[in-house]
Every structure is written in C-alpha cells, then in structure tokens.
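First comes the structure, then the notes that go with it.
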Amino acid sequence: MKNIKIKYLLPFFAIAALALGIFSSCDSDSDGSSGSSGTLSITSVVKAEPGDLVPVTQGDPKNYYIIRGTGLAFVQKIYFNDFDTYFNPVLVTDTEIFVLIDEKTPYANSSNKLKVVTKNGTILYDFITKPPTPRFDSFNSINAAEGEVVTVYGDYFLNPLVKVGTVDVPVISSTLTQLKFKMPANATDKYVTVTNISGSTVSAEAIGSALYDDALQGDAGHWMWNGADSFDTSFKDDKVQGEAAIKFVFGGWNGADMKFNSRNVSKYKAFRVKVKSVSTNTAASVIFVFGGWAYQIKKTITDKWTTIEIPFSDIGNPTTFDQLTLQESGSFGGNTILMDDMGFVLK
C-alpha cells in the first residue's frame, strides 16, 4: 500500500486508531514488495480534519497535519521552522506522514520551511507555521484623543494590522508583545481590533470608556477616609492595564472616595473594574457604594486579578456619574487592595 485513501476524517482519537490499523499493514507494497519508492518528494501538506483534505501552505501549532509525497518511509527527522518535531514512526508510510506541529515551534524570524530528513536524503518545502491568534491584554490610553499615540499590550503581534471600529489604522511600530498606533478621528465608543495571519482579537474596552487609565480620568478629588497618605494612583509594581494601577492601603472597614467631573453615562450598561486583594484571606471583600450610599454592592475579591462588572440596573440606572466610594469589608483588620482598568461597559 503506497497511499492512504482518507477523504473524511473522524475526531483525532478515531483518526489515530484508524491510522494505526492502516499503517500497520503498510510495511510492504500491495504487490508484496518492501521498502521505499526511492524518489524523495513532498507534494502537499493537508490538515487532518473532517471533510475534503485540501492542501494548505500554512499550519497552526497544536494541530495535526498529513505530509504527502514519495520516499517518506525512511524518515528520520521532521522540522518546522528548524524546530525538531516529534513524530510517531508508526504513523508513517512511503507516501504519508501524520504529524503534530508542536506548540513551541517558532513563528517569528523563521525559515518558513518544512524539512523532512530521511536516510535517503533531505527535502525542503515552503510552509508557514502561524502564530496563535493575537492575545489582546490591554491598550493605553483608553481615552486617547485624536492624534495621540496608543500602545497595545499582548502577544503574537506578528505583522499586525489594526482597526479602530471599521477604520484601518497604520501601525507605527510593533514587537511580538507590543504595538503602537495613532488614534484616528471619531474613535470614541469604538473598539480596537488587532489581526495577524491567524485571526483577529478585539479589545474588551471601548475607546473613551475609562475612569482610570494610568490616571484618574476627570479627577475632581480623591482621598482616604482616615486621611492617611495611602492612596497611590500610580502603582507600577502590579497592574493589568497600561503601566500602573491604584493601590489602596485600607485599615479595617476604612474607605476611600473618588470624585469625578460629571459625565453622561446613558450609553453605558455597567460599571467595570479589575480588582486584586494582596491578602489571601478568603474573607477579603470590598463594598462599592453608588448614589450617595443608596446602593451598596459587596464583592468578594481574591489574590488574583478579577474583573467585576456591576450592571447599572443594580444601582438605579443612573444617567450621570460623578462619584465612587469604596469600603474595605473583610472583617479581618484591613487589607491592601489594587484596582485597574476602571470604567464603563457600552450597551
């Protein structure tokens, strides 16, 4: 048998079982002769998935592919982008190799080659190993005005493209984990999209929606109840958005107030913030106070950054916003609490 006739593939484990059964009978040709055809070639690479097997020129790590050609029976090594890739010799015939692209395969500044080494020679084949879809961690500043340079933080920004809303925006500079672009006109309430060869990812926050974005936006005064100097709005040691977070050092049941220039929030549906407790005490919590103590929302927090959203329907559906009060409520003598990425969620 010199060719595996597989048009429709089952889920992976079924494929593997089927392949093992077929390949085990492929030690000799159908006419009883043994060994390889001798001519070494790669004719195509196809993704091992249900449906018609269509040749591809790009591959995704952590997915299975079938290398097709001739003279493959005596394969010794397989490399994607010069990365030594494991393969199961049982899943090899003279015309097919069933192989998983390793998730550690490099994708930047790489050869874009598939290399198959056999005892009869080596062959190179043009093949691109793609990065994962962009990971979009945050962008700063969320409230950037037209013409301001914005930094996007994340990963897998390989030859990235950027959109603000539906508008294509030139990338000023980029690395794999950071890129910069200039905010276009009419960007408020739009989302930022980053695209690479593998797909697109959209920002969680809308432009213009921040209350805290490395600085309190529209700050009209902020203070701790006890008057202590323990309200740090530029804490850089631990953050999840931009370059800084807010650090509150609360005594037991102590609190803090933040006043803002009044803003219309009728286009938003919720208040949002990312919160972290420095204490690992499971009772760690904070009360969010809205509407002059009319609404008190208690939230448990942990020592991991957690996103909290409070629907406006829970706090009287306000149309304007100008103050947030916080109260430590862990009942174990106080806590240090970090907050970041504070703002609103569009309807």
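Overview of values
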{"item": "Mean Cβ count within 10 Å, highest first, over the residues of peptides 174-181, 309-316", "result": "174-181, 309-316"}
{"item": "Dipole magnitude (debye, nearest 20) for the chain, charges at Cβ of Lys, Arg, Asp, Glu", "result": "500"}
{"item": "Average accessible area per residue (Å²) across the chain - probe 1.4 Å, nucleic acids and ligands excluded", "result": "47"}
{"item": "Relative contact order of the range 224-286, pairs being alpha-carbon contacts under 8 Å that are 6 or more residues apart, as %", "result": "26"}
{"item": "Total formal charge among the other residues, if their Cβ is under 10 angstrom from that of Ile142, Lys/Arg +1 and Asp/Glu -1", "result": "-4"}
{"item": "The range 100-161 - Rg (one decimal) and Dmax (whole number), Cα, Å", "result": "18.3, 62"}
{"item": "Surface/4 estimate of mean projected area, convex hull on alpha-carbon atoms of the range 131-269, nm²", "result": "10.0"}
{"item": "Pairwise Cα inverse-distance average, inverted: Kirkwood Rh of the range 60-158 (Å)", "result": "15.6"}
{"item": "Mean-position separation - Cα centroids, the range 252-289 and the range 97-127, in angstrom", "result": "51"}
{"item": "Solvent-accessible area, 1.4 Å probe, carbon plus sulfur percent, for the range 83-124", "result": "50"}
{"item": "Solvent-free Debye scattering, log10 I(q)/I(0), computed from the Cα coordinates of the chain at q = 0.09, 0.12 Å⁻¹", "result": "-0.67, -0.88"}
{"item": "C-alpha long axis of helix 12-23 to longest principal axis of the chain, angle in °", "result": "10"}
{"item": "The chain - mean residue ellipticity at 222 nm from DSSP helices (-39,500 (n - 2.57) per run, n ≥ 4, rounded to 500)", "result": "-1000 deg cm²/dmol"}
{"item": "Residue (of Phe271, Gly218, Asn261) at the positive-pole extreme of the range 202-296, dipole from beta-carbon charges", "result": "Phe271"}
{"item": "The range 157-250 - charge dipole about Cα centre, Lys and Arg +1 at Cβ, Asp and Glu -1, debye rounded to 20", "result": "380"}
{"item": "At 1.002 mPa s and 20 °C, Stokes diffusion of the range 213-273 via Kirkwood alpha-carbon radius, µm² per second", "result": "162"}
{"item": "Radius 15 Å from Cβ of Asp213, net charge of other residues (Lys, Arg +1; Asp, Glu -1)", "result": "-3"}
{"item": "Accessible-area composition of the range 204-347, carbon plus sulfur, in percent [1.4 Å probe]", "result": "47"}
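The values are calculated or read from the model by the stated rules, or taken from the named source; none is laboratory data. Here the structure is a predicted model, which means the values were calculated and not measured. With ideal geometry, Cβ positions are generated from the backbone for all residues, glycine too; neighbour counts draw on all protein chains shown. Heads up: the accessible areas ignore ligands, DNA and RNA and are worked out on the full protein's heavy atoms, side chains in. Shrake-Rupley method; radii C 1.70, N 1.55, O 1.52, S 1.80 Å.
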